[in-house]
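The values are calculated or read from the model by the stated rules, or taken from the named source; none is laboratory data. The structure presented is a predicted model; accordingly, all values stated were derived computationally and were not measured. Counting neighbours? That spans all protein chains shown, and the Cβs are built from the backbone with ideal geometry, glycine included.
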Amino acid sequence: MQVIERGLGAGGTLYACLPCRIKHKLEAIPTAAAWAALLDHLGGTADTPPCVSCNRFERCREGSILWEDWRRQRKADRS
């Protein structure tokens, strides 16, 4: 287990070595947070409705930013 400085903000991210992350399908904390933010946007929460502009073929501006952030975090997980 290592602490790696990655992304914005203070502190680091705990993660396993690359072979263990692949074997156990583990994601770093920033990746999980990016995915949760995307799901909140798409599915809505108790405070906000789901995004009706985002669909399978098109995304609203905020949805596009959230998707790109999630993709960037996943790519960083695999390097």
>> Quick check on my filter: what residues within region 39-79 are among the small types (Gly, Ala, Ser) and modelled with pLDDT of 90 or more?
In response: 63, 64
>> Between a residue in region 52-68 that is surrounded by 14 or more Cβ atoms within 10 Å (Cβ to Cβ) and any residue that is in a helix (DSSP H, G or I), which pairs come within a Cβ distance under 6 Å, given they are 6 or more apart or on different chains?
In response: 54/42; 54/63; 63/41; 66/37; 66/38; 66/41
> Within region 1-38, how many residues are hydroxyl-bearing (Ser, Thr, Tyr) and either at pLDDT below 75 or over 12 Å from residue 70 (Cβ atoms) (or both)?
Replying inline: 2
